[in-house]
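Reviewing the structure listed below.
Read the figures in this text as sums done on the coordinates, not as results from a lab. Small disclaimer: the values here were computed from a predicted structure and weren't measured. Please note: Cβ atoms are built from the backbone with ideal geometry, for glycine as well, and neighbour counts cover all protein chains shown.
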Amino acid sequence: EPEVTQTPSHQVTQMGQEVILRCVPISNHLYFYWYRQILGQKVEFLVSFYNNEISEKSEIFDDQFSVERPDGSNFTLKIRSTKLEDSAMYFCASISLAVTDTQYFGPGTRLTVL
Amino acid sequence: AQSVTQLDSQVPVFEEAPVELRCNYSSSVSVYLFWYVQYPNQGLQLLLKYLSGSTLVKGINGFEAEFNKSQTSFHLRKPSVHISDTAEYFCAVSFGNEKLTFGTGTRLTIIP
């Protein structure tokens, strides 16, 4: 069964450094999402992406964040200058055009900012 | 705007006992309703979903949920839990391919 994959599984970085989190959505999926989950808190929406542009973004998704689909398979989330409060689990999700009601999630990347 | 409330942050249950995890939502439009499960150190897995039609939906691992429009609820139930059901359970709502709005989660702990 096809799955959403994410790399790395765990990333440790110093405050102020740039990080890129990578996701490979399911191959025939065309809507992509990033969510984050701060330890002990609920999962929060960050951004949705369709047709090579952002469809919607939350208040969390400020100028420090960007998303990109650099090729036909990868979907990346970049944080330009990480802060301590960016420490969280980041989940990628995708939806197909055929079945638009269900998002399939990757296993997540745990980002630790020191 | 949509919101989801999971009033129980933690639910301890004895093995083989029934369990109900509560979820209430608010929305000005019709929404899709979901339950996701997160096992320790893992990602989010879809348990079940309600889109339309029959208000009782069955999911994986013996779980089911009932949509109640008048009470704006979507409670999750299992008649007999197992140790392997220990996990965090998240209720969520969305509309079509729009973002998911999650509740704060319920940690289900199974007592042997």
Filtered hits (aspartates and glutamates, Cα-Cα < 16 Å from A:Lys57, offset >= 8 within chain) -> A:Glu44, A:Glu68, B:Glu98
Mean separation of Cα contacts under 8 Å (at least 6 apart) over the residue count of chain A, i.e. the relative contact order in percent, is 38 percent
Once the in-chain neighbours fewer than 8 apart are removed, the lysines whose Cα is under 25 Å from B:Lys69 read A:Lys42, B:Lys49, B:Lys58, B:Lys78, B:Lys99
Per-residue average of other protein chain Cβ atoms inside 10 Å, peptide A:97-107 -> 5
Log10 I(q)/I(0) at q = 0.09, 0.13, 0.14, 0.16 Å⁻¹ for the protein assembly as shown, from Debye over equal alpha-carbon scatterers, is -0.37, -0.77, -0.88, -1.12
Burial-style ranking of B:51-59, B:24-32, average other-beta-carbon count within 10 Å with highest first, yields B:24-32, B:51-59
